[in-house]
Amino acid sequence: MTESYTPPKVWTHDAGSGGKFANINRPVSGPTHDKDLPVGKHPFQLYSLATPNGVKVTVMFEELLAAGHAGAEYDAWPIKIGDGDQFGSGFVGVNPNSKIPALMDHSGDTPVRIFESGAILLHLAEKFGAFLGAPADRPEMLSWLFWQMGSAPYLGGGFGHFYAYAPEPMEYPINRFTMEAKRQLDVLDKRLADNRYLAGDSYTIADMAVWSWYGQLVLGRLYNAAEFLDVESYTDVVRWAKEIDARPAVLRGRMVNRTFGEPELQLHERHDAADFDTQTQDKIGAD
């Protein structure tokens with residue numbers, strides 16, 4: 001049994017909490033250093049990393065471009081969260097919460113900042129009138145989009161943290177968040193048993209948002225936890241995840257701002273479709 005812990009009357013940040021990301025965790029907000037953000041030539045400037053939250057937005061941009069929305073051209077700049085880039089003054093100016101992704105929209109007369117991945121997806125979908133689903137399905141689409149935003153912290157900050165990143169395994173939090181992760185997978189599986197996509201027959205931003213977390217989880221790309229969670233038992237989630245994974249724009253979106261993993265799937269910066277090299281184009285094929 002682990003040693004009992006008694007919380008102090010007033011908590012203070014006397015020492016790091018340990019774990020993989022302890023060096024960048026702190027109890028205050030705001031910049032730690034001055035650093036301007038680069039700005040490219042396109043209307044949209046994305047500052048991100050290919051974590052699940054970042055992948056949502058790069059998939060959306062690549063899907064928009066594949067659908068013929070030329071105005072969705074974008075520059076994607078990597079924010080190395082392990083190095084603390086998210087605490088630079090320029091990034092904090094775009095996202096005061098210091099989390100990726102963050103977007104500057106220069107397509108209008110006045111630049112607009114958008115932060116929080118779900119807000120970025122909705123902003124782009126409304127701007128281009130794309131991936132919103134049929135009007136009758138809009139409430140369902142929005143419900144699943146916001147379901148993801150509220151549920152994923154239990155998967156990432158809860159299950160993922162204690163299963164994969166905590167300084168040592170702890171039975172209670174692993175059991176608690178494993179139970180919740182499996183409950184969420186069951187929620188999705190029941191929905192997808194009778195629907196091709198989350199909002200019905202149409203592929204929408206709700207699918208992009210949920211796939212980036214739960215789809216990649218059941219495909220074995222998050223936390224090395226697929227066997228532990230028995231993901232194959234969620235047969236309709238797996239079916240849906242594989243269908244989305246096969247979309248060429250999704251693979252391109254996975255690559256953008258990726259600085260880890262297989263070298264052939266990394267595109268640290270994206271400024272033009274030509275940045276996807278010949279080997280990559282052969283791998284993903286044509287739309």
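The values are calculated or read from the model by the stated rules, or taken from the named source; none is laboratory data. Since the model is a prediction, treat every value here as computed from it, not as a measurement. For neighbour counting, all protein chains shown are included, and Cβ atoms are generated from backbone atoms with ideal geometry for every residue, glycine included.
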Practice task
Scan VAL238, VAL256 and give me the residue that is of a type in the set (A, V, I, L, M), over 14 Å from TYR214 (Cβ atoms) and either surrounded by 13 or more Cβ atoms within 10 Å (Cβ to Cβ) or out of contact with any Gly (no Cβ under 9 Å at 6 or more places or on another chain) (or both).
Solution key: VAL256
Handout entry: Residue count, segment 73-96 (criterion: surrounded by 15 or more Cβ atoms within 10 Å (Cβ to Cβ), within 16 Å of the chain's Cα centre (by Cα) and not in a helix (DSSP H, G or I))
Key = 5
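This table checks each residue for (1) surrounded by 18 or more Cβ atoms within 10 Å (Cβ to Cβ); (2) assigned by TED's automatic domain parsing to the domain that holds ALA199; (3) at positive phi.
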residue: GLY71; (1), (2), (3): no, no, no
residue: SER98; (1), (2), (3): yes, no, yes
residue: GLY108; (1), (2), (3): no, no, no
residue: GLY118; (1), (2), (3): yes, no, no
residue: LEU124; (1), (2), (3): yes, no, no
residue: MET141; (1), (2), (3): yes, yes, no
residue: PRO167; (1), (2), (3): no, yes, no
Practice task
Would you check if LEU145 is in a helix (DSSP H, G or I), surrounded by 18 or more Cβ atoms within 10 Å (Cβ to Cβ), modelled with pLDDT of 95 or more and under 18 Å from the mean Cα position of the chain (by Cα)?
Solution key: yes
Handout entry: Every residue from segment 2-56 that is on the phi > 0 side of the Ramachandran plot, exposed (fewer than 14 other Cβ atoms within 10 Å of the Cβ) and either modelled with pLDDT under 95 or touching a Lys or Arg at 6+ places or on another chain (Cβ under 9 Å) (or both)
Key = GLY18
Completion exercise
Note on segment 183-194: residues surrounded by fewer than 17 Cβ atoms within 10 Å (Cβ to Cβ) and either out of contact with any Asp or Glu (no Cβ under 8 Å at 6 or more places or on another chain) or in a helix (DSSP H, G or I) (or both) are ARG183, ASP186, VAL187, LYS190, ASP194
Exercise for the section: Just name the residue that is nearest to the chain's Cα centre (by Cα) out of those in segment 205-242 that are without any contact (Cβ under 8 Å) to a residue 24 or more places away in the chain and on the phi < 0 side of the Ramachandran plot. Expected result: ARG221
Completion exercise
Subset of segment 203-225, residues within 16 Å of LEU64 (Cβ to Cβ) and not in a helix (DSSP H, G or I), comes to TYR203, THR204
